[in-house]
1. Carbon and sulfur atoms: what percent of the 1.4 Å accessible area of segment 145-258 do they account for?
2. Based on the Cβ-Cβ distance of residue 29 and residue 112, what FRET efficiency does E = 1/(1 + (r/R0)^6) give at R0 = 45 Å, to the nearest 0.05?
3. Under 15 Å from the Cβ of residue 146, count the other residues' Cβ atoms, weight Lys and Arg +1, Asp and Glu -1, and hand me the total.
4. Helix-only estimate, please: 222 nm mean residue ellipticity of the chain, summing -39500 (n - 2.57) across DSSP H runs of length 4 or more and dividing by its residues, to the nearest 500.
5. Mind checking segment 51-141 for chymotrypsin sites (Phe, Trp or Tyr not before Pro) that DSSP puts in a loop (not H, G, I, E or B) and that have at most 14 other Cβ atoms within 10 Å?
6. If we count every other residue with Cβ under 10 angstrom of residue 133's Cβ, Lys/Arg +1 and Asp/Glu -1, where does the sum land?
7. What pairs from 227/255; 228/252; 14/89; 60/163; 218/252; 11/218 go past 18 Å between their alpha carbons?
8. How far apart, in nanometres, would the label points at residue 18 and residue 163 be if each is projected 7 angstrom from Cα along the Cα-to-Cβ direction?
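The values are calculated or read from the model by the stated rules, or taken from the named source; none is laboratory data. Because the structure is a prediction, the values reported are computed rather than measured. Every residue, glycine among them, receives a Cβ derived from its backbone with ideal geometry; neighbour counts consider all protein chains shown. The area values use the complete protein model at the heavy-atom level, side chains included, leaving out ligands, DNA and RNA. Shrake-Rupley method; radii C 1.70, N 1.55, O 1.52, S 1.80 Å.
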Amino acid sequence: MRVPLFAANWKMNKAVSEVKPFMTGLLERLHAIPAKAGTQYQVMVAPPATHLITAQEATKNTPIQIGAQNCGQAPSGAFTGEISPAVLKEIGCLWVILGHSERRHLYLEDDHRVLGRLQAALKEGLSPILCVGETLPERKAGQTMAVVERQLGILKSAEVSEKPLVIAYEPVWAIGTGENATPDQAQEVHLFIRNWLKTHFSPAFSEKTRILYGGSVKPENSASLMKKPDVDGFLVGGASLEANSFSGIVEKGLKSRS
Ligand code: PGA
């Protein structure tokens with residue numbers, strides 16, 4: 001049984017001064033989720049890198065885990081503007097989002113670059129959330145599975161099978177647009193990813209790997225998406241900026257499972 005994971009991607013939003021009030025509010029709301037709605041679940045928040053230490057301090061000894069939105073391909077060195085995965089580990093980060101579509105499309109990170117970051121993250125013991133997903137023209141051209149398969153391909157060069165890995169399926173056309181994939185569309189791709197993991201690694205690895213959906217997730221659609229057997233949680237952008245809406249996604253998603 002895979003433990004649902006609800007991950008918040010704040011992107012380049014919020015001031016450092018907003019971190020503590022947000023975490024306090026989120027903790028209160030998570031505590032209020034009726035026990036019957038929740039089996040076990042995990043919550044992760046990925047604020048901007050400048051907010052990580054504050055976020056770590058604000059969530060110490062709480063169930064909220066902290067993640068980064070990207071990391072460099074080496075523990076240290078001449079990489080201006082990059083964030084060391086070793087230092088992320090040092091400050092208490094457990095997670096790192098990699099290959100997000102904004103990194104791929106706005107900053108031209110290709111699969112090779114994402115692989116370097118993935119290998120460095122794994123080496124430092126960070127848990128990667130690898131994002132994959134097609135653009136609208138790719139979907140319209142019937143290339144969704146081919147694109148996802150190509151993006152997953154980097155896993156063959158990384159020693160992932162012994163490590164905790166999370167995949168996030170985030171169709172680019174659904175990110176920040178208000179138009180989410182339908183539960184059936186999400187399930188179809190999630191199942192494809194699960195089968196790909198089974199073929200290229202093992203049935204056990206495929207079974208235990210969590211596959212999140214991301215792209216315009218909100219409290220109103222989290223239950224229907226989470227009802228699908230291969231949707232193991234969410235990577236949430238816009239709706240994760242308010243404790244109320246993020247906790248609403250957690251609560252409704254969990255309820256649909258109980
Ligand atoms: P969104 O972003 O929830 O605002 O669509 C999701 C993401 O980019 O991870």
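1. The nonpolar share, carbon plus sulfur, comes to 51 percent.
2. 0.65
3. -2
4. The helix-only estimate for the chain comes to -11500 deg cm²/dmol at 222 nm.
5. Listed in order of number, the matching sites are 79, 107.
6. -1
7. 14/89; 60/163, as the Cα separations exceed 18 Å there.
8. 3.2
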